Amino acid sequence: MKLYINAISSYRSDLEDIDVKKELKQKYKHDPRRQDSFIHLGVLGAYRLKDKYSINTLDELYVTTGIGNVNVLEKIYQYVIKDGNSIKPYDFLNMLGNTTSYYIAKALGTKGKALFQISDNFTYINTLMSAFSSIKLSGNNAIISSCDLVTESDRVIKRVLGVDETTKVVSSVNYQRVSLEKKDAFAELELENKTYTLDEIKTIIQESKLKTIASPRCKELNLKCSDVFFETIASSTINEYIEKNQNMIFCDCIGEKYKIIKLRILN
């Protein structure tokens, strides 16, 4: 299956030294009250995408993440489970994925389908496939939002993500507006609903003429990997190589299962 990209936006905490909340208030006149850091991150990426492209109100929205809004979960665990207090209404609302989708859709100005979904494995790739299936039926375009927030206590995050203690984890949000139509697109994504073995992946890499970028989890491939990690790093890598105007294959793995996404720049 193929998806065509006609707009992107990105933010990574290790590449930009900004106060996200202040950026939203000062640059975009966004009212950040009653929203937490996870929602702020998603909304920042939405405004940046809107800066670059005129969004159609019928565009479908798909929001995904590695571990979700861990900040609010940690806070609720402390004062509800540990301290025995009642849950605060706004913390309860912010804990719901649909709340994040609501604020992002509001920032984008979209009124179409808006979904918040997390998969146990390969959440970004699975979200791309969900979007493909939906817009093939609806005839609309889709906006993919990949949002990962790191808290100060990142040991739990590293354990959940399956990376070692030495790996640096960062906060990131990346967007792609995708279509089934090649018109006005500057990049093409190709993916399959297929899982590969290590030997199959090695064969694909050897036979391909595209540069291969691997997730830090793919240690068996012996490829140079990023020195930072977040679950939806594939989304960030796609945007990075679009900016570089370079084709590539991105490979991710969970245990002994491998999946790939091919990126081709359209001239």
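What follows is calculated from the coordinates using simple rules that are stated; it is not laboratory data. Since this is a predicted model, take the numbers as computed values, not measurements. All Cβ positions, glycine included, derive from the backbone under ideal geometry; neighbour counts span all protein chains shown.
Arranged from highest to lowest average of other beta-carbon atoms within 10 Å per residue, in what order do the peptides 245-253, 15-23 appear?
Listed from highest to lowest mean packing, they are 245-253, 15-23.
What length, rounded to one decimal in nm, is gained on full extension from ASN56 through to ARG34, with 0.36 nm per residue of separation minus their alpha-carbon distance?
Computed gain between ASN56 and ARG34 is 5.2 nm.
What distance in nm separates the simple spin-label points at GLN117 and ASP199, each placed 7 Å from Cα in the Cβ direction?
Rounded to a tenth, the inter-label distance reads 3.3 nm.
Can you give the FRET efficiency to the nearest 0.05 for THR166 and SER208, using r as the Cβ-Cβ distance and R₀ = 41 Å?
It comes out at approximately 0.85.
Once both labels are modelled 7 Å past Cα along the beta-carbon direction, what's the ASN245-ASN98 spacing in nm?
Each label point lies 7 Å from its Cα, and together they span 4.5 nm.
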